[in-house]
Structures are given as structure tokens and as C-alpha cells.
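One structure below.
The values are calculated or read from the model by the stated rules, or taken from the named source; none is laboratory data. Note that the coordinates shown come from a computational prediction; the quantities given were computed from them, not determined experimentally. Virtual Cβ from ideal backbone geometry, glycine too; neighbours counted across all protein chains shown.
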Amino acid sequence: MTQPQPNKSYENVRMGVDYYPEHWDEEMWEKDIALMKSSGVAVVRVGEFAWSRMEPRDGEFEFGWLDRALDLFARYGIDVVIGTPTHTPPRWLTAKHPDVLPILPSGAVYQPGVRGHRCFNSRSLRHYGERLIGRLAERYAKHPAVVGWQTDNEFGMLDSQSAQAAEDFRDWVYRKYGTLDNLNREWGTVVWSGEYSEWSEVTPPLGGSPYQNPSFLLDFARFQWETVADFQNGQIAAIRAHCPDHFVTHNFHSYPQRLDLYKVGEALDFASFDYYPNTSPDKAATSPYSGALSLDATRGVKRRNFWIMEQLSGSPGAWMPMWRMPQPGYIRAYVWQAIARGADTVVHFRWRSAHIGAEQFWHGLIDHSNVPGRRLAEFAETSGEVRRLAPLLEGTSPEAQVAILMSHEQLEALRIQKQTDNFDYYENLKEYHRALTKLGIGCDVIDWRQPLDGYRVVVAPHLYLLDDEAAERLSRFAADGGTLLLTARTGVKNLNNVCVMQPLPGLLADCAGVAVREYDPLGRDVVRLDAEDGEQYACSQWADILDPAPGGRTEVLARYGGPVFFAGEAAVTRHAFGHGETYYLGTHPEEEYLRALLLRIAQERGLPHAEGLPAGVQVSVRAGASGAYLFVLNLSRETRRFRLGGAYAEAAGGEGLLGGRRHSGGELELKPYGVEIFRF
């Protein structure tokens, strides 16, 4: 029997807000909802923290208040996403079943009173959580306002050391390795007399010391990834039993996440992200690019369009001192940035600033005064623009010929054993992405295990862990005509986090056409990098001293310079491999070198790009049956005047869909946080 598919309402391009009816007097609800409707709100999220109101005592369910709220939304034609409230187990549950609470690596209990106080291994949490979710799903399966569900809230790694987590981890290890002999061999436990002689000795990393066996620590992370995915799968099953035509998503947050987004995302219809671009002036130069990576990474979870489930509406402040308030145009610009990179719905957090609780100063669209002001007006204006362009944009999505491979296994392994004091996996990945973004090159950020069909260039930073399957797939991509870019710290270990005894880059040595003779962990020390064209750059973090493979198919593109013992040695190479090529960067160059190298690749491979974009200006393309749409965004605090050349010059000479005026010869002027969209 074919499983019914969720409705496709999640593909509509629209705006929304997060709303907490349980926080406000019921007399306020209809006035709020009427104002939402007139402001362009098409969807709201509710309920993700409301367990104690839904079930104030064990087995006593009170949904009347939620019925009335949902009925009001239905009356005003606003769709609703219900959040499952397992992020905040009520006090009656944690008192009755203390196993719900995680045990932190320090041995302390993660007490209730904040949020996130739930051990994913707790059987009590699973039982009571799925019971409540089943009741909600059954009750609202046919409600005219309810279109979908969000699981829990902002999953993350807890490293719980609870008794149940320990038992589940032991079972996980047994299923993977089968015997203690296998386990001891694969983890290398002979070091420091760490060998296990009984299965009962296998425990979580009690105390959380970073100096424990790295194979053990990586497997404990993998165990947690599967635990969170299984915890979520139980919720999805409870929803699907009653709501097969509703979508299910989850709101990821704050990259980089130790949690494997791809593992947790497998069962979702689409991914969502909580997007809070930094408003502080000192972050103005970097925040738009960090945000672009976060959006592309979210799209990569399912390799399809996504939602923003929380978007910045005002100055955040609760978990940190308050940030600066978003300037005029900021809210609008970042909505369009999210849509440009694949968001179909943008939901703002929150409708009104909370007047109670810990997040009172995480500001919403309306301040505590309850007087609608500038930010709500900007939201309403943006909602009108989104509504007007939605018929064109629906069914479109970003299209990229370049992919960056991201791996939570690499991230975790390099966190467990930091390579130098200035080496950061995600920050380095961010620099490659930023260089591509500044060149106007569209880029997917995908799981390192995903198929590579359709890409012309693949950037694969720091494949520290490597196996035959991944190496063969990447080698085949290059041999079939692709351009592969590898970096230092590739092929160092196998997937058990054990160093391999072969010259680096290990299994990719033939594809890369180099061998690492020796390496120097530079850390923060800066070394000169001499490019083949005579330009000089800086590099740091790491220095692989490269020996090009014999045969003349490997050319040296840059060498180390300056007063180091390896001055003159190869640092960056290009190797002709099959019908394609592999670049190997044995160091981490400054951004200007990365931009020059990626520009060269774009020109040689005929990739659409835009040279000379001013700081803070980004371009993105969404395409579909209705055509292709070029988004040009000034995400800076200053007016930018520039000529948009290259592949986008003709498009930028047309009539803007937002401004309604023509731009001669690609000449554009965008005010601070200005946006224009062109159809081509």
C-alpha cells in the first residue's frame, strides 16, 4: 500500500510569525490575529513549549485553549504549524520520572527550570511525549488551520551520561563490533591499558575529558546522532498515524552543530532553520556571509528548499547581552536573502516581545509597549512584496554547479583532537564558501556522502576521516571530468578515528597527484605563499610539504616562501586526472588567494559568476518553470554603487521586480539593506 504523501503547502512562498497564545490573556488573541492578517501573516507556529498547559497533570489533557486559538486562526485564514512540546517536560513528569533529566558529563543533573532538560534515551520521555503527540495529532488531524508539525525544538548534543544512555550506548557498541576483541582492536584500547574485559565496562565518557580514546569519543557522538534521530522518529510515527497529509519538519539552529543534521533530517519532509543574523556593527562585514552558509547548509540537509522557522525580528537578548536593534531595511533584506537561497516560508520570532520569562528581551515585531511600530511596518511591507512575487517564485529553487562537502564526522573528529590552535574545520569551510559567495557563484553545501551528479566543481575541505567508498566516489568524480579541490588534513585516519600508515593524502593520493613528504602545524604563524603568477599571499594553520607525482601531470601553482626550512617547496598543486582535475591545497591560504584560485576555476569551467561585487553585496539565482530570478542584495550598512558584469549583466539591465525601474548596462545603486530582483 502506498503511503499517503504530505500536502505541498510547504512549497508556498509566504511569511509568518511564532505566537504563544498561552502567554497572553485570551482577550488579546483575536486582536493579535486580526493584526497578523492585515500585516501579511500567512502561517504561525504554536505550542512547542506548552506541555504543562496541554497536560497539566499526568493523563489530564486540556486542549480547550488550543482549540479556541486554532479556531481563530482558521477563521482568519492563517495556517498553523504545531510544535511538539518535548523540549520542555513539565515538572510533574520530571518529579515522577527523574530519568527524563539528562546527566551532564560533570555528573550534575540537568535540572528543569530552563529548557532542553530531556534525556533522549529516557523511556519515560518517549512514552509520555509520544502519548501527548498522539493525542494532539488525533485531535487536530482534520482541523482546517493545521498544515504541519515541528518536532521538538532546536535539537542538539547533550552528552547525557544517564543510566539509560549508558545501557543504550553499550548495546549500540555491541551491535557495531560484536565482540570485545573486535572492539579493543578497532578502538586501539591497548593504549593506556584501556582494554575492555567485560561488556559492563563499556560506559559513556564519564567526566567528559577530551583526552580519552578518540575512537571511543567519535563513536559516542555517532551513538547520540542515532539516538536523536530515533527519538524524533517516534514522534513522527505518532504524527503520521493520524496526519499522513501533514508535513513534518524540525528547526535546526546555530551552526556549526555537533549534531549530525543529515542523520536527523532523513525522516523530515524538509528542513527548517532558526536564523538570527548578527546586528552588531562589528559583525556587519562577516554576518551576511556566515548567514549565507547557514542557509545553504540548511538547504543541503534535504537537498531541497526549506523554511525559516524563526527569523530575527528585533534585538536578541536573553542568553547573552542584547544586540543592537536591526536598522531600517534589515528585516526586509534578510527575508529576501533567505528566500534567495531557498527558503519558501519565513516565520519571524516572535510576534510580540515576551513580558514574562527568561526571554523577555529577545524582541519580537512588537515591543513590550504593545504599540505597533517600525519593525512591524517593515514586516508588513515585506509580506506584501513576498505575496506579490509568490506566484512567480513558487516552484523555483537555487541551482548550483558547485558543491562544498560538509561532514559532521570530520567536524567531531577534529573537535576531539584539535590539530593546531588556529585550525577550525567549520571556520575554514566558511572561508571557501565566503570566497565563492563574493564571486557570485551559487553553491550547495551537502553531506560528504551524497551523490555528486550534476556538479562541475566539488570543494572537499579536510577529509580527515576517509574510507574506500568516499575516496572512490571522489576519484570517479574527477576522472569523469569534474574539478575536485582537496585540502590539507585529508586521508589522515580511517572511519574509526585511527591514523592510517600510508603517505598522505592516503586513499586520495593518486587522485591528488601528490604525496605529503612532511608537514608543519603552523598554528597562528603566518608564512608567505608565492603564486605562479608572481603574486604573494599569506597562509597559516598548516603546511603540507608536497612532492608532485612523477609523470608531469601535476603542476605547482604556489610554493612556500620566506624564512622557513621548506621555502620553495610545493604548497598548492593541480593534477590532471582522467578527464578532470584535482587541486590540492597543502595549507590554508588567505581569502584573497582562495578568491583568485576559485575565479580561475570558474573562468576555466564556464561557471556563472560576478567579479567585483562590493563588500556585503550578494547575488543568488532561483529558477523553475516560471523562469530564472536574480536576487541582488546589499547586506551592508552603506550604499553600494556597482556594475553587475559577467553572466548577470544582461539580467540586471532589465526592470527590477521590486523597484520597478530599469538599470542601464547592469549599473546598480542599492541603499543600505537594499534589494532588487530581476527576471531573466
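Exactly one residue among Gly440, Gly523 is out of contact with any strand residue (DSSP E or B) (no Cβ under 6 Å at 6 or more places or on another chain) and either at pLDDT below 95 or not assigned by TED's automatic domain parsing to the domain that holds Val264 (or both), and that residue is Gly523.
Name every residue in the range 140-159 that is surrounded by 18 or more Cβ atoms within 10 Å (Cβ to Cβ), out of contact with any helix residue (DSSP H, G or I) (no Cβ under 8 Å at 6 or more places or on another chain) and under 20 Å from Asp67 (Cα atoms), in order of residue number. Scanning the range 140-159 gives a single hit, Gln150. Does any residue of the range 644-662 turn out to be within 23 Å of Asp282 (Cα to Cα) and loosely packed, with under 14 Cβ neighbours inside 10 Å? Checked the range 644-662: no residue is within 23 Å of Asp282 (Cα to Cα) and loosely packed, with under 14 Cβ neighbours inside 10 Å.
Results for (1) under 29 Å from the mean Cα position of the chain (by Cα); (2) assigned to a strand (DSSP E or B); (3) at pLDDT 95 or above, shown as yes or no for each residue.
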residue	(1), (2), (3)
Glu472	yes, no, yes
Ser475	yes, no, yes
Leu495	yes, no, yes
Gln502	no, no, yes
Tyr519	no, yes, yes
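Can you name every one of the strands (runs of 3 or more DSSP E) wholly within the range 201-311 that holds 1 or more residues which are among the hydroxyl-bearing types (Ser, Thr, Tyr)?
Working: elements: 247-249, 251-253, 272-275.
Because the criterion is at least 1 residues that are among the hydroxyl-bearing types (Ser, Thr, Tyr), the strands (runs of 3 or more DSSP E) in the range 201-311 that meet it are 247-249, 272-275.
Out of Ala390, Ala358, I need the residue that is more than 24 Å from Ala284 (Cα to Cα), surrounded by fewer than 19 Cβ atoms within 10 Å (Cβ to Cβ) and touching a strand residue (DSSP E or B) at 6+ places or on another chain (Cβ under 8 Å). Which one? I'd like the intermediate steps shown before the answer.
Details: Ala358 fails: touching a strand residue (DSSP E or B) at 6+ places or on another chain (Cβ under 8 Å).
Answer to the selection: Ala390.
Can you name the residue in the range 38-92 that is of a type in the set (S, T, N, Q) and surrounded by 24 or more Cβ atoms within 10 Å (Cβ to Cβ) and, of all such residues, is nearest to Tyr140 (Cα to Cα)?
So in the range 38-92, the residues of a type in the set (S, T, N, Q) come out as 38-39, 52, 84, 86, 88.
When the remaining residues are screened for being surrounded by 24 or more Cβ atoms within 10 Å (Cβ to Cβ), the result is 84, 86.
Details: Thr84: 13, Thr86: 18 Å.
So, considering only residues that are of a type in the set (S, T, N, Q) and surrounded by 24 or more Cβ atoms within 10 Å (Cβ to Cβ), the one nearest to Tyr140 (Cα to Cα) is Thr84.
If you go through the range 1-19 and pick out every residue that is crowded, with 21+ Cβ neighbours inside 10 Å and either in contact with a helix residue (DSSP H, G or I) (Cβ under 6 Å, 6 or more places away or on another chain) or in a loop (DSSP other than H, G, I, E, B) (or both), you end up with 3. Residues in the range 543-576 that are under 37 Å from the mean Cα position of the chain (by Cα) and basic (Lys, Arg) were compared, and the one that is surrounded by the fewest Cβ atoms within 10 Å (Cβ to Cβ) is Arg559. Among the residues of the range 393-432 satisfying the criterion of being part of a loop (DSSP other than H, G, I, E, B) and either among the aromatic types (Phe, Trp, Tyr) or over 20 Å from Val492 (Cα atoms) (or both), which is modelled with the lowest pLDDT? Step by step, filter the range 393-432, then rank; the result is Glu399.
Listed by first and then second residue, the pairs with beta-carbon distance under 6 Å, at least 6 apart or on different chains, first residue in the range 336-348 and in the same structural domain as Ala42 (by TED's automatic domain parsing), second among the hydroxyl-bearing types (Ser, Thr, Tyr) and crowded, with 24+ Cβ neighbours inside 10 Å, are Ala340/Ser620; Arg341/Ser620; His348/Ser313. Of the strands (runs of 3 or more DSSP E) lying entirely inside the range 563-680, those carrying at least 1 residues that are within 18 Å of Ala292 (Cβ to Cβ) and of a type in the set (A, V, I, L, M) are 617-624, 627-634, 667-670, 675-679.
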